[in-house]
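Worksheet for the structure shown next.
The values are calculated or read from the model by the stated rules, or taken from the named source; none is laboratory data. Every value quoted in this text rests on a predicted model; they were computed, and no experiment measured them. All Cβ positions, even for glycine, are placed from backbone atoms using ideal geometry, and neighbour counts span all protein chains on display. Just the protein is used for accessible areas: all its heavy atoms, side chains included, with ligands, DNA and RNA removed. Shrake-Rupley method; radii C 1.70, N 1.55, O 1.52, S 1.80 Å.
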Amino acid sequence: IRNSVAHGADAVGVQLCRLKKEFKSDDNIKNIFSCSSGKPYYITNYRYGINEGKTDDELAKDILHYATLGGDVYDVMGDIFDRSENEITYNAQAIKKQKQLIDNLHKMGKQVLMSSHTFKFMDCDEVIKIAKAQESRGADVVKIVAASNSDYECLENLKTSLKLKEELNVPFLFLSVGEYSRVHRLIGTHYGSCMWLCVDRYDAFATPAQPLIETIKNLRDNIILS
């Protein structure tokens with residue numbers, strides 16, 4: 001965290017779903033939240049990693065507890081309470097519980113990013129449908145991760161980004177995985193995405209698809225904003 005801030009990160013993402021159980025004491029979490037020199041935190045608590053086997057109700061309870069300890073933006077999965085295709089549920093009871101969770105986080109002074117990791121290419125209409133569903137549930141930020149496995153898919157995803165910019169009333173983050181995803185991740189903000197997800201360095205804990213902070217700073221300062 002300290003290296004990321006020193007190298008120019010504007011915010012810090014922490015995947016508490018990957019923090020080993022023995023390190024999840026309240027004191028340790030608070031210490032993590034104190035290391036960013038005032039930069040905001042984006043927190044995930046997904047089903048995988050250390051959380052494997054937990055119920056969605058347990059994950060939601062954990063999220064609310066972590067929020068009492070710090071953090072600024074909390075990730076709520078688009079299919080929490082009803083595991084579904086494309087990580088977005090349309091079940092009425094699950095949606096009701098999602099809205100309640102989001103409302104509780106808002107009352108605690110937190111913002112909510114709702115995420116749907118589809119990991120596949122989708123046409124514009126399907127992406128817009130998911131994005132509007134997330135927005136309707138009270139998300140402050142919409143996040144969708146699709147795929148780009150050809151020049152065509154990459155260009156279509158960039159066009160979809162422009163459409164999201166027109167259609168949504170909240171900020172969005174539209175990313176992709178796959179062979180041609182790097183262009184989408186690097187210049188997606190130019191087409192409407194509200195942020196880059198970066199890593200400070202490539203090591204065993206880094207997400208390989210994410211660019212380095214240094215790369216993004218050079219891109220932002222010397223190309224996109226030049």
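Here is how the numbers come out for the structure above:
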| quantity | calculated |
| --- | --- |
| Residue tally, condition touching an Asp or Glu at 6+ places or on another chain (Cβ under 7 Å), in a loop (DSSP other than H, G, I, E, B) and either among the basic types (Lys, Arg) or on the phi < 0 side of the Ramachandran plot (or both), over the range 59-81 | 3 |
| Selection count, the range 25-47, where residues are open to solvent by 40 Å² or more (accessible area, probe 1.4 Å), more than 20 Å from residue 114 (Cβ to Cβ) and either assigned to a loop (DSSP other than H, G, I, E, B) or at pLDDT below 95 (or both) | 5 |
| Of all residues in the range 155-180 being open to solvent by less than 10 Å² (accessible area, probe 1.4 Å) and not in a strand (DSSP E or B), the one that is nearest to residue 99 (Cα to Cα) | 164 |
| Test for residue 106: is it closer than 19 Å to residue 141 by Cα, open to solvent by 60 Å² or more (accessible area, probe 1.4 Å) and assigned to a helix (DSSP H, G or I) | yes |
| Selection from the range 187-201 of residues that are without any contact (Cβ under 8 Å) to a residue 40 or more places away in the chain and open to solvent by 40 Å² or more (accessible area, probe 1.4 Å) | 187, 190, 191, 196 |
| Scope the range 182-208; condition under 17 Å from residue 158 (Cα atoms) and in a loop (DSSP other than H, G, I, E, B); matching residues | 192, 193, 194, 195, 196, 197 |
| Residues (open to solvent by less than 30 Å² (accessible area, probe 1.4 Å) and either in contact with a helix residue (DSSP H, G or I) (Cβ under 6 Å, 6 or more places away or on another chain) or outside any helix (DSSP H, G or I) (or both)) located in the range 48-58 | 51 |
